Amino acid sequence: MKAAAALLLSLVHLSPAQGEPPAKVTWKHGHLLVPIPAGEYTTGERGHGTNPRRKVTLAAYFIADAETTNTQFAAFIKATGYRTDAEKRGRAQAFRYGKPEWVWVDTPGACWHHPQGPEGPDARTALPQHPVTCISAADAAAYCRWAGARLPTQAEWEVAARAGSTARYPWGSTWKPLLANTWNGVTHARNTMEDGWEFTAPVRSYPPNAWGLHDVIGNVFEYVADVPPMIPQKPEQPLTSARGGSWWCSERTCKAYNLIDNGTMALHGSLPNQGFRIAVNAAAP
């Protein structure tokens, strides 16, 4: 109850509508939450196929200022004994240089703690503050339930990521590669690392948006709770959706590193460029 009272109090006294970045609220397991007040917001873009411009009405909620880290996910695994989809399969998709664009490599042993495969670094010790990856949307939802949280909806994610902006990026309409972790290079044959990182970066490595959220563009695709209604579901392979693009996104491949586009992927799929941030109801228990 104390946590709920603190959350509600922060919504009353600390609101983005006041023109200043809202004060963050400490939540369980090291998450810092940004309060987003109830209201009517504009999302989408005119003529967009899966995210048309529209008004949305949202109840008050909180959203994490950063993506969930390997350290936080490790605490969940330790407390629950949960096995991710990749661990159950014994494999996940991994990135390898030299492959054609859009080709991932099915890699035995790849999972959240070894996203590059068994020969790669152990994310628990080598990448503790990097976002957890190689987890499915189902795995992310399981973490959220344990943490007393949930995944944000498409609208909640976009409203928080925009932080009042009407531009394509949190900082304006012009792409600035030093402000987000995406792929720097003409093809995936080489990453020039202009932004400082080859793959994932530690959370909060880049400047936040106007409301204090980091990495809403790049680093990892962030799972959301709903799929755009115009995208048909496949009973044999349920789909999920994600926002914001990732370290893998480049101009010639995935162009979703912006505040508008949304991507779809298999609900139980596991890739090294997909992660999540949590949301919490304003009246959290």
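The values are calculated or read from the model by the stated rules, or taken from the named source; none is laboratory data. Given the structure is predicted, the values throughout are model-derived calculations rather than measurements. When we count neighbours, we look across all protein chains shown, and the Cβ atoms used for this are built from the backbone with ideal geometry, even at glycine.
I'm trying to understand the selection: among the residues of segment 229-285, which are among the aliphatic types (A, V, I, L, M) and in a loop (DSSP other than H, G, I, E, B)? It would help to see each step written out before you state the result.
Filtering segment 229-285 down to residues among the aliphatic types (A, V, I, L, M) leaves 230-231, 239, 242, 256, 259-260, 265-267, 271, 278-280, 282-284.
Listed by number, the residues that qualify are Met230, Ile231, Ala256, Leu259, Ile260, Leu267, Leu271, Ile278, Ala282, Ala283, Ala284.
Checking the conditions here, which among Val186, Val132 is within 20 Å of Cys254 (Cβ to Cβ), among the hydrophobic types (A, V, I, L, M, F, W, C) and touching a helix residue (DSSP H, G or I) at 6+ places or on another chain (Cβ under 9 Å)? It would help to see each step written out before you state the result.
Details: Val186 fails: touching a helix residue (DSSP H, G or I) at 6+ places or on another chain (Cβ under 9 Å).
One residue alone meets the criteria, Val132.
Looking only at segment 200-215, decide whether some residue is part of a loop (DSSP other than H, G, I, E, B), within 20 Å of Cys134 (Cα to Cα) and touching a Cys at 6+ places or on another chain (Cβ under 6 Å).
no
Which of the residues spanning segment 83-127 are surrounded by 13 or more Cβ atoms within 10 Å (Cβ to Cβ), more than 16 Å from Asn70 (Cβ to Cβ) and among the hydroxyl-bearing types (Ser, Thr, Tyr)?
Once the filter is applied, which keeps residues that are surrounded by 13 or more Cβ atoms within 10 Å (Cβ to Cβ), more than 16 Å from Asn70 (Cβ to Cβ) and among the hydroxyl-bearing types (Ser, Thr, Tyr), segment 83-127 yields only Thr107.
Looking only at segment 155-177, decide whether some residue is surrounded by fewer than 19 Cβ atoms within 10 Å (Cβ to Cβ), among the aliphatic types (A, V, I, L, M) and over 15 Å from the mean Cα position of the chain (by Cα).
Within segment 155-177 (the criterion being surrounded by fewer than 19 Cβ atoms within 10 Å (Cβ to Cβ), among the aliphatic types (A, V, I, L, M) and over 15 Å from the mean Cα position of the chain (by Cα)), the answer is yes, since at least one residue qualifies.
Would you tally the residues in segment 51-84 being closer than 25 Å to Pro229 by Cβ and either among the aliphatic types (A, V, I, L, M) or touching a His at 6+ places or on another chain (Cβ under 9 Å) (or both)? Step through it out loud before you land on a result.
Taking segment 51-84 and keeping what is closer than 25 Å to Pro229 by Cβ, we get 51-61, 63.
Subset that is either among the aliphatic types (A, V, I, L, M) or touching a His at 6+ places or on another chain (Cβ under 9 Å) (or both): 56, 58-60, 63.
Count: 5.
Here are Asp195, Asp139: which of them is among the acidic types (Asp, Glu), part of a loop (DSSP other than H, G, I, E, B) and at pLDDT 95 or above? It would help to see each step written out before you state the result.
On the way: Asp139 fails: part of a loop (DSSP other than H, G, I, E, B).
From the options Asp195, Asp139, the qualifying one is Asp195.
Please go through segment 228-251 and pick out each residue that is under 20 Å from Asp195 (Cα atoms), at pLDDT 90 or above and hydroxyl-bearing (Ser, Thr, Tyr).
Within segment 228-251, Ser246 is the sole residue that qualifies.
Just one of (1) more than 21 Å from the chain's Cα centre (by Cα); (2) in contact (Cβ under 8 Å) with a residue 12 or more places away in the chain trips up Gly81, so point out which.
Single failed check for Gly81: (2).
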